[in-house]
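Reading through the structure tokens given below for one structure.
Read the figures in this text as sums done on the coordinates, not as results from a lab. The structure presented is a predicted model; accordingly, all values stated were derived computationally and were not measured. Positions of Cβ are generated from backbone atoms using ideal geometry, with glycine treated the same way; all protein chains shown enter the neighbour counts.
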Amino acid sequence: GVVWAGGGAGGNLQSGTTAQFADGQAYRDQAVVIALDAQAPIGVGIQHGWYPYGPPTQVTKAHGATAIELDYESAFEVYRRTAASRGDALDAQGFALFSMTHPLGIPQANGEFVIRDPISIGPDGSVRCVAEIPDGSLIRVMEGARGDLMDAAAGAATLARRGTPGALGGAVVFDCFSRYPILGEEIMDELSRVQGALGETTPLVGCLTLGEVGAMGGGVPQFHNKTVVVLALPG
């Protein structure tokens, strides 16, 4: 079968534009795809370490990456009330810091969640995210501690290793940029745990990405936020 792993290009959060490189040229607004035809299975692991913090709510109005209404109320009001129900006082000024560790999760049929990273509040109380919020979908406010995020990275590496039963030739890690401000210098511990799960002698490369690509449980690839995708290559 076909497995998927990848990530979004970044511009250091400053330029507002990104570039992709292929065949000695630079491109914008493109996707670069590499197809690998291996004689042995290629393993992929995807985990994030975020868990439900609030109850399910329905996206009753959305446009692209913006959730306008949840349960027919302004998205931020529902988000704020969810925080208040857990004893966390929240206003618009504190949103950026709070949302960093409380993203949105879209439930999947297999029990997993595809994560969306909320980044700003609109004047109408809408919540803008990094990637699409499907109109009519269910979402939940999520939470996670540093330990949960590091456990997830190690778990993704373990899943990738299981998918490649023989000797490994190397591995590639796509780790979401938005996890770095949470982990800080502990991101080195996260990478050490990834290396340990793959084997200390396994060559490892990777990058901090603005969104990750992969298929949870196989099937159609999806775009993720605040997630780790590990690709294990056979030797």
Legend entry - Charge dipole (debye, nearest 20) of the range 52-142; +1 at Cβ of Lys and Arg, -1 at Cβ of Asp and Glu: 160
Legend entry - Relative contact order (percent, whole number), the chain, Cα cutoff 8 Å, 6+ residue spacing: 29
Inset, instruction - Compute the semi-axes of the equivalent ellipsoid of the range 117-211, taking the square root of 5 times each eigenvalue of the Cα gyration tensor, and list them largest first in whole Å. - result: 31, 15, 12
Inset, instruction - Jot down the radius of gyration and Dmax of the range 156-235, Cα atoms only, both in angstrom. - result: 12.5, 35
Inset, instruction - With only Lys, Arg, Asp and Glu charged, each at its Cβ (+1 for the first two, -1 for the last two), find how big the charge dipole of the chain is about the Cα centre; round to the nearest 20 debye. - result: 200
Inset, instruction - Return the sequence-ordered ³J(HN,Hα) values of the range 70-83 in whole Hz as given by the Karplus equation 6.51 cos²θ - 1.76 cosθ + 1.60 applied to θ = phi - 60°, using x for Gly and Pro. - result: 10, 6, 6, 10, 4, 4, 5, 4, 5, 4, 4, 5, 4, 4
Legend entry - For the range 1-92, Kirkwood radius (reciprocal of mean inverse C-alpha pair distance, Å): 18.0
Inset, instruction - Please give the peptides 223-230, 146-153 ranked by average Cβ packing (other Cβ atoms within 10 Å per residue), highest first, as a rough proxy for protection. - result: 223-230, 146-153
Legend entry - the chain: calculated mean residue ellipticity at 222 nm from DSSP helix runs of at least 4, using -39500 (n - 2.57): -6500 deg cm²/dmol
Inset, instruction - Distance from a point 7 Å along Cα→Cβ of ALA84 to each backbone N in the range 53-77: keep the residues under 11 Å and list them by number. - result: 77
Inset, instruction - Using amide H atoms built 1.01 Å from N in the peptide plane, name the residues 5+ places from ILE119, or on other chains, whose amide H lies under 5 Å from its own. - result: ARG128, CYS129, VAL130
Inset, instruction - Of all alpha-carbon pairs in the chain, indicate the percentage at a distance above 27 angstrom. - result: 37
Inset, instruction - With θ set to phi - 60°, apply the Karplus curve 6.51 cos²θ - 1.76 cosθ + 1.60 along the range 177-190 and write out the HN-Hα couplings as whole Hz, x wherever there is a Gly or Pro. - result: 4, 6, 7, 4, x, 7, 7, x, 5, 5, 5, 5, 5, 4
Legend entry - Dimensionless Rg ratio for the range 52-142, taking C-alpha atoms and the 2.2 N^0.38 Å reference: 0.95
Legend entry - Debye intensity ratio in log₁₀ form over the Cα atoms of the range 1-55, taken at each q of 0.29 Å⁻¹: -1.18
